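The values are calculated or read from the model by the stated rules, or taken from the named source; none is laboratory data. From a predicted model like this one, the values you see are computed outputs, not experimental measurements. Glycine also receives a Cβ, built like all others from the backbone with ideal geometry; neighbour counts cover every protein chain displayed. Just the protein is used for accessible areas: all its heavy atoms, side chains included, with ligands, DNA and RNA removed. Shrake-Rupley method; radii C 1.70, N 1.55, O 1.52, S 1.80 Å.
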Amino acid sequence: MKEPSETASAGAFASGDAASDLLEQYGCGPIRFSGHGDALYERHLLFDDVVDPLAAGARERFEAAARSVRDVLSQRWVRTERTYNRLNPKRIYYLSMEFLIGRSLANNVTNMLIDSFVHRATRERDLDWLGLLEEEPDAALGNGGLGRLAACFLDSMATMQLPAMGYGLRYEYGMFRQSIEDGWQRENPDNWLRQHDPWEVARPKEAVEVKLRSSVRMHRGSLEIVPGRPATLIGIPFDRPVVGYGGKTINTLRLWAAASPDYFDFQEFSSGDLVGALAGTLAAESLTRVLYPDDSTAVGQGLRFVQEYFLVACSLADLVRRFHRRNGDWRLLPDKVAIQLNDTHPTLAVPELMRILLDDAHLGWDEAWEIMQNTLGYTNHTLLPEALEKWPVHYFEQLLPRQLEIIFEINRRFLDAVRTRWPGDEARIARVSLIEEGAERKVRMANMAIVGAHSTNGVAAIHSALLRKLTVKDLAEMYPERFNNKTNGITPRRWLLLANPGLAGTITDAIGDRWVTDLGELKRLHPLADDTAFRERLLAAKSAAKFRFVDWVKASCGIAVDPETIFDCQIKRIHEYKRQLLNALRIIVLYNRLRASPHLDMMPRTFFFAGKAAPAYHLAKLIIKFLNNLARTIDGDPETSGRLKVVFLPEYNVSLAERLIPAADVSNQISTAGYEASGTSNMKFMMNGALTIGTRDGATIEMAEEAGDENFFLFGLTADQVESSRGWYNPHWHYDHDPETRAALDMIAADYFSRYEPGIFAPLRDVLLTGGDHYMHLADLQSYMEADHRLTALYADSHEWARRAIFNVAASGRFSSDRTIAQYASEIWNAHPCPVP
């Protein structure tokens, strides 16, 4: 039987016969969306929902369409797993607490190469395809870039036919839904599983037991640890397909849901206490109820700790079970299994895998340690000290005493090795120890991951360098051979082919479609930067994307936006180091210039912001409030009407990004140099033809190297300058010596943007002045304004702007997640493709 890619490309399906032939090759036979009752679409409506197809509602139609697509891929999915079991290749297991999946229907249709056929079939049935897509909730099982990166990596591994599997948690409530009320962020529950998810498949027969030394219980709405009462949790796996482009390989994302074995206390029920009878079930199910709960309280931190162990315990038990299907010798584990820890969250895999090898496999310490270390790899995603997890020792004492014994023994042996190499250096011993001593002893998870894994990688060249030189300098000196860099990437299937069909079609018309799986092909666009006709086509694709976005934002948010303005965007998690506040200061400066000179020649611009602040991060939430007040003030000023507009888009998610990024003209990547690990939104904007105004930070440095600094608008201090100026930097100097900076801060202090809420923004001014401006907003403001001037001057020449945009698109090939995964596979995992026949 031929593979689908042998007979059809992404632009195939000109006829129904070609589509039917291809679907038969998937093992499904022809699909019909109309006609007889045995057609998949009608069959699902009739037999799954027991509804007349003519009377089906929008959600029912979406589920029927999604299930029909799942039917198409199901046999390839089964065949993929069967092939892995038969050939017994080395398998990759990617452990992550977050997977920001987004919507799956359109992505799966695109990757299976059946998009043209499905669109034709829905037209024949008079179904609203775009309306069907809107019925699918975003699977928001992540807070931001970390989770989206994990989703891109799974796509690449499947596309590259690598035998891989993702492990995560099946949060019933994903990242909160964000609404804006009077300018403030309001968090609302995101019950994405309120209605059945048509993609997931429950696997109760493959459930896993997780044993804890203490219990957890619900008390006054919170989950509490009950010491001294051993408990067992049940991990129920739910599988989702990960479709590689071309449909050849369909890997699995396995998400664990928590349940209780003692699901009902009949004695409690008999005494009339129904809630008490269900208490065990409620406590267990609450474990995976919410994505990353607010950990600003001890209860929240305890729940997060148990979540992390639950993920690790379930996943290791499952992958060990898979390993033993074809392998009886534990010494083969590193040859057959590669486990990648996505940040510190799954670091409990170190003591848990050692426990399995010592207690279950009965291996000696040295042999177990070598096997464990050669199996684990660790990816670090942050340089921020507060993001390097540390867990109180008493959590381990109460819940995981055996794992704590193992951690202490790891630390004893490790510190003995450090003392042998640096005798008498007790300060170094204190810095590298897995245990942080103090009023409350804590386990340093990053240190444990580095000591326990054979590889530690950063996610951009500057990040990896700073990680070695500053963040974990002593550990890097101990194990220099373990440290490496793997610059992040994004999947071009979702972020260009699917999100931006106009530009994708323009590219394919020019150079063919090989770029979809080999993004390096985009380099062939470089000579076309001087082709007037191609520049016109790129500008037309950008304009069409802007008009599409304007229509959508008007319909969904009620916001009117002029598509002829510059779309200037900063969309990312709200955090001080990402400096949305610096962007706001830039806008205030521009606003003041217009107020002072109403006839100033300034190109009309719309500034888009989107992003969520952590519920307990009060200053970030105040920044959101300030951005919304700034928008309202500018909108209400006739002097700036039609020339400046600020829009804060609520509920930032994957679907919003897929709409806005193709429409963007300008991408703001303005973090304080040395703080952004990599960034991936920067890559998405670049690939979609936006130009970047940004600092020399994260992967933006490498992007500028690829495209040429002259095609970026770089500004601000470098990471070395930020670090070297820490001892003497004084933000008051900029306030005293720069009139525009002083005017902007004085307006904030004078409640210009909060006339009816006096004093509300005083903390922002305090952070910038009296608080020392830790993230150096004021130090970079004037450099930012100079870069902004260069940007608008270039935009006035549309063809030169298009030329620079083409250079950016052409240079974005290096930032494909396919390239990143190829490096992981060859340099860390030693894993190879396993084609599915």
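If the segment from Glu124 to Ser433 were pulled out straight at 0.36 nm per residue, it would be longer than the present Cα-Cα gap by 104.6 nm. Bridgeable aspartates and glutamates around Lys486 (alpha carbons under 13 Å apart, same-chain partners fewer than 8 residues away excluded): Glu702, Asp818, Glu827. Working note: Karplus 6.51/-1.76/1.60 with θ = phi - 60° gives segment 815-826 the couplings 9, 7, 5, 4, 5, 4, 5, 4, 6, 4, 4, 8 Hz, where Gly and Pro are set to x. In this structure Leu146 has an accessible area near 30 Å², from a 1.4 Å probe over the protein heavy atoms.
For the chain, the residue among Pro480, Gly520, Thr420 whose Cα projects farthest onto the positive side of the dipole built from Cβ charges is Thr420. The largest-to-smallest principal axis extents of the Cα set in segment 646-697 are 29, 23, 21 Å.
Restricting the trypsin sites (Lys or Arg not before Pro) of segment 797-837 to loop positions (DSSP other than H, G, I, E, B) with no more than 11 neighbouring Cβ atoms within 10 Å leaves nothing. Within the accessible surface of the chain, defined with a 1.4 Å probe on protein heavy atoms only, the carbon and sulfur portion equals 51 percent.
In a simple Cβ point-charge model (Lys, Arg +1; Asp, Glu -1; nothing else charged), the chain has a dipole of about 1020 debye relative to its Cα centre.
Is the shape of segment 773-837 rounded, prolate or oblate, going by the alpha carbon gyration tensor and its root eigenvalues a ≥ b ≥ c, with a/c under 1.5 for rounded and a/b larger than b/c for prolate? Judged from the Cα gyration tensor, segment 773-837 comes out oblate (a/c at least 1.5, b/c at or above a/b). When shorter helices are ignored and each DSSP H run of at least 4 residues is given -39500 (n - 2.57), the per-residue value for the chain at 222 nm works out to -13500 deg cm²/dmol. Projected over all directions and averaged, the alpha-carbon convex hull of segment 697-837 occupies 15.1 nm².
For Glu405 and Arg441, the difference between the fully extended length at 0.36 nm per residue and the C-alpha to C-alpha distance is 11.5 nm.
Here the peptides 666-678, 116-128 are ranked by packing, the mean other Cβ count within 10 Å, and the order with the highest first is 666-678, 116-128.
Near the amide H of Leu714, within less than 5 Å, lie the amide hydrogens of Gly694, all on another chain or at least 5 residues away, with H placed in the peptide plane.
Counting every pair of alpha carbons in segment 286-413, the share spaced more than 19 Å apart comes to 53 percent. Solvent-accessible surface of the chain, averaged per residue with a 1.4 angstrom probe and all protein chains in place: 38 square angstrom. The accessible area of His324, taken with all protein chains in place and a 1.4 Å probe, comes to roughly 80 Å².
Our coupling estimate for segment 638-654, obtained by passing each phi through the Karplus curve with A = 6.51, B = -1.76, C = 1.60 and θ = phi - 60°, is x, 5, 10, 4, x, 10, 10, 8, 10, 10, 9, 8, x, 6, 5, 8, 4 Hz, Gly and Pro reported as x. Does segment 358-404 come out rounded, prolate or oblate, given a ≥ b ≥ c as the square roots of the eigenvalues of its C-alpha gyration tensor, rounded meaning a/c under 1.5 and, failing that, prolate meaning a/b above b/c? It comes out oblate by the Cα gyration axes. Dipole orientation for the chain: of the candidates Tyr795, His832, Pro53, His832 has the Cα lying most toward the positive pole (charges on Cβ; Lys, Arg +1; Asp, Glu -1). Residues whose amide H comes within less than 5 Å of that of Ile559, counting only those at least five positions distant or on another chain, are Lys554 (H built at 1.01 Å from N in the peptide plane).
When both segment 537-586 and segment 324-371 are represented by their alpha-carbon centers, they are found 47 Å apart. A quarter of the convex hull surface defined by the alpha-carbon atoms of segment 314-383 gives 4.7 nm² as the mean projection.
Let a ≥ b ≥ c be the square roots of the eigenvalues of the Cα gyration tensor of segment 337-483; is it rounded (a/c under 1.5), or, if not, prolate (a/b larger than b/c) or oblate?
Since a/c stays below 1.5, the shape of segment 337-483 is classed as rounded.
Using a probe of 1.4 Å on the protein chains alone, the accessible area found for Glu576 is around 40 Å². Counting only lysines at least 8 places from Lys645 when in the same chain, those with an alpha carbon closer than 24 Å to its own are Lys542, Lys546, Lys554, Lys572, Lys578, Lys612, Lys621, Lys625, Lys684.
Across segment 501-584, the convex hull enclosing all Cα atoms gives 167 Å³ per residue. In sequence order, segment 416-424 has phi-based couplings of 4, 5, 5, 5, 5, 7, 10, x, x Hz under the Karplus curve 6.51 cos²θ - 1.76 cosθ + 1.60, θ = phi - 60°, and Gly or Pro positions carry x.
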